1. Please give the peptides 105-111, 61-67 ranked by average Cβ packing (other Cβ atoms within 10 Å per residue), highest first, as a rough proxy for protection.
2. Once a ≥ b ≥ c are taken as the square roots of the eigenvalues of the Cα gyration tensor of the range 111-194, is the result rounded (a/c under 1.5), prolate (a/b larger than b/c) or oblate (a/b not larger than b/c)?
3. Determine the shape class of the chain: with a ≥ b ≥ c the square roots of the Cα gyration tensor eigenvalues, call it rounded for a/c under 1.5, and otherwise prolate if a/b is greater than b/c, oblate otherwise.
4. Starting with the fewest neighbours, write out TYR301, TYR360, TYR470, TYR85 ranked by other beta-carbon atoms found within 10 Å of each beta-carbon.
5. Taking Cα centroids, how far is the range 419-484 from the range 316-367 in Å?
6. Neighbouring Cβ atoms within 10 Å as the yardstick, rank ARG483, ARG221, ARG45, ARG53 fewest first.
7. Which shape class, rounded, prolate or oblate, goes with the range 485-582 when its Cα gyration tensor gives a ≥ b ≥ c as root eigenvalues, a/c under 1.5 marks rounded, and past that a/b bigger than b/c marks prolate?
8. Which order do the peptides 90-100, 165-175 take when ranked by the mean count of other beta-carbon atoms within 10 Å per residue, highest first?
Amino acid sequence: MSADRIGSTSESQAGNREQAENWKIAAWTVLGLTAILFFVRLGSRALWSSEYRWAEIAREMIRTGNYFWPTMDGRLYYDKPLGSYWLVVASTWITGGMNEAAARLPCAIAGLLAVALLILLVRRLYDLRTAVLAGFILATSFSFVFFSRTASADVETITGELAALLLFFRNERKPDGWGVVGLWLVMAVTSQMKGLLGFVLPIMVIGSYATLCDGWTEFGRGFLEGSPGSRVRWVAERNRWLFNWHTPVAIALALAVYLTPFKISQEMMRSDAGLYMVFRENVIRFFRPFDHRGPIYIYFYVVFALMAPWSLMLPAALAHTHHRRHVGLPEHARADRFLLVFFWSTFIFFTLSGSRRSYYILPILPAGAILVARLLAVQSIRELSAWARRLFVAGYAIFALVILFGFVVMFPPSWIFHGALAKLPDAPGRVLFGIFWIISVASVICALLRLRPARMAFSLALGTYLAMIYIFLVLIPASDAWRPEKPFGHAIVKRLGRDTPGLALYKTQEALFYINPPKPVPEYVREKDLLQAVRKGKVKWIIVRRKDLASVGLPIRVVMQEDSYPWENRRDLGNKVVLAEIL
């Protein structure tokens, strides 16, 4: 080998090492930017909607010292397992007490961990460049940011699923080893967050991929041909991660981890409510839903809202990955099959469920992020199929238009809306928004001057991150000034004190967390029960929604009410909570 060739090879290797180091720095940068987005001002807004559940249950666990019996206002609420509540309780050691930050901190940590796990997973499947892109896309997808800053159990489920998938691929070459024990233990812990999805989703994705990893042709030969025995042996061989002698040990340990909290709860309280609710919420709800009956097509459009704005690239990403599979490109063929199995199996599973709600399909976001990252990682648009190229350009064009017309946020609402909406307050931080808008527009113009995937990806990333910073660190915290729940609760405490024997709730639990009573407050949902309690002298004050005042059936005097605002409609006003005195 000549000296020139040796020198050229050395330079190439040095360049590759430098590039790898640069992408490692980029990966840590993504995690740093994600931490800013998920943790800054985390406790700056009051709790809302379902967040009260996690905060109040954790508060009552701390107050009673019973961590195996979840209650809201003293009444059993076992709709979710105990794990997510325990994480909130543990967060109080960091925040110094039970508050908004403590309620949300587990999800913020889980969200950051999910981004890190996705980077590790995609790096193993593809390369670090694609991994960094996928991590950033997940971290800045609207609903993922939203739920990473919201008290719930959804992000913890996604994190657990990604951990299980990463463990599987780390042991893919030796699927029948002891690594399967770690896999089942991760699934058990994940299932303690929201329910059996912690087991179902990883098993579904891994099992489908292991069966189809060599393509449909091989699947047809192995599963659809031959004797029944040979077909069973073929499936078992493909799924050695499940069908091996380590699995019974792993399942036994996983069941012990999962069932122990329920068993302790059962022994302490002489009730099997926990396991019954698991069956009700996970099995009965799937086959015979009793609520949240969304239409079967709901996820076809919901996924675009959940993954916004990156979902603008999702049609092109799906077309690109399916085309690569169709033309049989050997590079990353198995990884592409896994990616498509991950996305479509998740989509089909939640679509087939009888109970459908917009955010139920959040676990599809990591798969969507990898798909879009694969699209944006191409060197040239010419690498894409005709359809993928058209969808790519169309998606970016829509993004560019949204950015260009984003300046309307700086206009007073009266310039845009009519009627009550014209009375909305001006957008906060308009100077900051203007700076962000100018930067985003400049990046769009730069990308449009030369339509290269790298420039378009940078423009998408920059505009999206700045938008998420504005929405979650400026707009939403500022809007808390017009949310009356927290000040209303504090006003009740100031007037009546925290321990008011004559206080009751009627058809609402609003303001309960911010009243922070030392013991449960009586709740009534039927008029006759309230009347009976009043006659016995047990109730003097009631907290009730304005729309339910007429059903009280007693002479009352409203002494305090949540603030109302000019832009609210009749429904909003009807849902306002008041404090009424029984006369």
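All of the numbers you see were taken from the coordinates with simple rules; none came from a lab. Keep in mind the model is a prediction, meaning the values are calculated, not measured. For neighbour counting, all protein chains shown are included, and Cβ atoms are generated from backbone atoms with ideal geometry for every residue, glycine included.
1. 105-111, 61-67
2. Working: a/c = 4.15, a/b = 1.23, b/c = 3.38.
Taking the square roots of the gyration eigenvalues as a ≥ b ≥ c, the range 111-194 is oblate.
3. Working: a/c = 2.21, a/b = 1.40, b/c = 1.58.
Cα axes put the chain in the oblate bin.
4. Details: TYR301 11, TYR360 18, TYR470 21, TYR85 25.
Ordered from fewest to most neighbouring Cβ atoms within 10 Å, TYR301, TYR360, TYR470, TYR85 come out as TYR301, TYR360, TYR470, TYR85.
5. The two parts, judged by their Cα centres, are 29 Å apart.
6. ARG221, ARG483, ARG45, ARG53
7. Values: a/c = 1.96, a/b = 1.21, b/c = 1.62.
Oblate is the answer for the range 485-582, as a/c is 1.5 or above yet b/c matches or exceeds a/b.
8. Details: 90-100: 15.3, 165-175: 17.7.
Sorting 90-100, 165-175 by mean packing, highest first, produces 165-175, 90-100.
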